[in-house]
Each structure stands twice: as C-alpha cells, then as structure tokens.
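What follows is calculated from the coordinates using simple rules that are stated; it is not laboratory data. Since the model is a prediction, treat every value here as computed from it, not as a measurement. All Cβ positions, even for glycine, are placed from backbone atoms using ideal geometry, and neighbour counts span all protein chains on display.
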Amino acid sequence: MPGVLPDTHALYWLVTAADTLSGEALVSIAQNQDAGTLYVSPITAWELTIASRKPAHKNPPDLGATSPATWFSQAVKNTKSKIIPIKQRIAYEAAEVVVATGHRDPGDCYLIATARVKKIPIVTRDAIMQAHALCGYLDIILC
C-alpha cells in the first residue's frame, strides 16, 4: 500500500482512543507507520482547531491543556506521520471535489483532494466519504 491518510476524527481517535478504530484501520495504520507512509494533512490541524473551540454541548475533541497546534504537532510525532503539504495541485483538486460531488465541507474537500492526488485511501467513518467511495470517487478504509 502506498500510504493512508487518516481523516481528522481517525487521527484524534488513534491518539486518544485507538480501540475506537476498526481492526482493519488499525492494521493498515500500523503497516503504514512501519513503512513510513502514514500521512496527515495540515487541514486536520485546521479542523481540530475549529472543533476544539465548539461549545461543550457540541462535544468538542478533548485536547487536554495543550493548544491545538501543540496537540497536532505531538500527534504527528507520536504516530510517526508525515505531513503532506497543501500545494497548488491539491488546492485545484479540492475545488474539483466541490464541482464533481457537490461536497460543501472545505476540510473534507481538501482531505479528499489530498487522497486523490496522492492515490491513497482515507481512514474514515464519514458517511459522505463512504458514499463517494461506493461510486469509486475515492478509496477509504472504514474505521
């Protein structure tokens, strides 16, 4: 496998509650950690920052006493992930995701674009991404 890209919730669970992930996801993540091909997108840092600032009744991720930036940096280090930078090709593809699928979540559009450009699956539980995978638009590993 050429690598995997955890969705934001998958990276969060990998760090905070790995038993929440499916066996298939854990095996794939472990294999890619060993191979040096576990990737994350900087858009995950953006999504975590926004989510951590939600009101408590909306169930924000618990990043502890650290800032989202520190939490993300530690998560990348602790999971042996590599960051895939968002360059022009991914930015263009993210716009194409909107056109091709009608998807309106900017974070998801960038994650999908990154996976499509790099030709790697996304580790996710997101229902919309699952629907896109069913029609062959992207590959996922259900977590």
Could you tally the net charge around Thr37, taking each other residue with its Cβ under 14 Å from the Cβ of Thr37, Lys/Arg +1 and Asp/Glu -1?
+3
So what's the net charge close to Pro61: Lys and Arg +1, Asp and Glu -1, counting the other residues with Cβ under 14 Å from its Cβ?
0
re the chain: pairs of Cα atoms spaced beyond 25 Å account for a percent value of 22 percent
If one builds a Gaussian network model of the chain from Cα atoms under 10 Å apart, the most fluctuating residue listed among Lys58, Lys77, Lys118 is Lys58
Cut-off under 19 Å on the C-alpha distance; same-chain residues fewer than 8 positions from Lys119 excluded. Which lysines are left, in chain and number order?
Lys82, Lys87
The size of the Cβ-based charge dipole (Lys, Arg +1; Asp, Glu -1) of the range 43-143 about the Cα centre, to the nearest 20 debye, is 300 debye
What number, in nm² with one decimal, is the all-direction average of the projected area of the convex hull of the alpha-carbon atoms of the range 66-133?
5.3 nm²
Name the residue farthest towards the positive end of the dipole of the chain from the options Ala115, Ala25, Cys135, assuming +1 on Cβ of Lys and Arg, -1 on Cβ of Asp and Glu, about the Cα centre.
Ala115
